[in-house]
Amino acid sequence: MFDAIAPRYDLINRLMTFGLDQAWRRATIEALALPTGSLVLDLACGTGDLTRLAQKAGYRVIGADLSAGMLAANGTAVPLVESESSALPFPDGAFDGIVCGYALRNFTNLAASLADMARILRPGGRLAVLEVDAPESRFLRTGYNVWFNKVVPVLGGALSDRDAYHYLPRSVAYLPKAPQLRAMLTDAGYATVGIRPLAGGLSQLVMATRIGTP
């Protein structure tokens, strides 16, 4: 599915978020708060939006994604690895930080993926994850439901792959609610877990620190 939507993935992201996704991605990189030169993994890197912003922030970056089509459409010059999220081909403690954009709900084994991400983070390393959310405000939620569940599938179907953009809104159901996600991160080996709504809950930023002393 992601192979099929890779060529127009960035265009549709900009259209369906009215360009707000770029500000949310910048906030994700800023949340790492790591020293310049730190090594960061962009997991489910797709076409490289987070990678470019991480490079601009002064980080060294490696990208990983299960979709060969997304990797083929990735326009960055960083090393890229085709890999399943729950069996990452990196040594223990290899990275100072991990970023991940809009992918948690697509991981077939989320608990195992969070644990393997913790494994490859050094003690004290930082995780910053950008994900979808649903607004708490009734007014915002009504508009969100119409746009995300009705308009986005039509827009995606017209410009890219119809089946994929019908699946993507439904995939929100696979994302654990904040308390469960916080517990899963704690169980996987993270501390100081924070979850911050963005734009009134249109997206959310999940931040965590790997347990241990750097």
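If a/c stays under 1.5 just call it rounded; otherwise compare a/b with b/c (prolate if a/b is bigger, oblate if not). Do that for the stretch 51-102, with a ≥ b ≥ c from the square roots of the Cα gyration tensor eigenvalues. Don't skip to the answer; put the middle values down first.
On the way: a/c = 1.79, a/b = 1.03, b/c = 1.74.
Oblate shape, in that a/c is at least 1.5 and b/c is the bigger or equal ratio.
Can you tell me how the stretch 1-136 classifies by the Cα gyration tensor, rounded, prolate or oblate, using a/c under 1.5 as the rounded cut? Kindly include the intermediate steps, with their values, before the conclusion.
Working: a/c = 1.37, a/b = 1.24, b/c = 1.11.
Rounded shape, in that the Cα axes give a/c under 1.5.
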Exercise. Which whole-Hz couplings ³J(HN,Hα) result when phi for each residue of the stretch 83-89 is put into the Karplus expression 6.51 cos²θ - 1.76 cosθ + 1.60, θ = phi - 60°, listed in order with x for Gly and Pro?
Worked result: 7, 6, 5, 9, 9, 6, x
For this session: Return the sequence-ordered ³J(HN,Hα) values of the stretch 36-48 in whole Hz as given by the Karplus equation 6.51 cos²θ - 1.76 cosθ + 1.60 applied to θ = phi - 60°, using x for Gly and Pro.
Result: 3, x, 4, 8, 10, 9, 9, 8, 6, 5, x, 7, x
Seminar exercise, completed: The local net charge around Asp92, scoring Lys/Arg +1 and Asp/Glu -1 for residues other than Asp92 whose Cβ lies under 13 Å from its Cβ, equals +2
Exercise. Counting only the heavy atoms of the protein chains, how much of Arg26 is accessible to a 1.4 Å probe, in Å² to the nearest 10?
Worked result: 110
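Rank by packing, highest mean first: peptides 36-47, 190-201, with packing defined as the count of other Cβ atoms within 10 Å averaged across residues.
On the way: 36-47: 22.0, 190-201: 15.5.
Top of the packing list down: 36-47, 190-201.
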Problem set entry | For Gly124, distant residues with modelled amide H under 5 Å away | Arg210, Ile211, Gly212
For this session: Just subtract the alpha-carbon distance of Ala27 and Ala77 from 0.36 nm times their residue separation and send over the number in nm, one decimal.
Result: 15.7 nm
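Multiply the residue gap between Thr36 and Ala68 by 0.36 nm, knock off their C-alpha separation, and tell me the result in nm, one decimal place.
Working: separation 32, 0.36 × 32 = 11.52 nm, distance 2.98 nm.
Extending this stretch completely gives an extra 8.5 nm.
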Seminar exercise, completed: Once the dipole of the stretch 1-87 is set up from charges on Cβ (+1 Lys and Arg, -1 Asp and Glu), the residue from the list Gly19, Ala68, Gly48 lying farthest towards its positive end is Gly19
For this session: Enumerate the calculated ³J(HN,Hα) couplings along the stretch 54-70 in order (Karplus 6.51 cos²θ - 1.76 cosθ + 1.60, θ = phi - 60°), each rounded to whole Hz, writing x wherever the residue is Gly or Pro.
Result: 5, 5, 4, 7, x, 8, 8, 10, 10, x, 9, 7, 7, 8, 5, x, 5
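The values are calculated or read from the model by the stated rules, or taken from the named source; none is laboratory data. Everything numeric here is computed off the predicted structure, so don't read it as measured data. Every residue, glycine among them, receives a Cβ derived from its backbone with ideal geometry; neighbour counts consider all protein chains shown. Ligands, DNA and RNA are stripped out before the accessible areas are found, and what is left, the full protein with its side chains, is counted by its heavy atoms. Shrake-Rupley method; radii C 1.70, N 1.55, O 1.52, S 1.80 Å.
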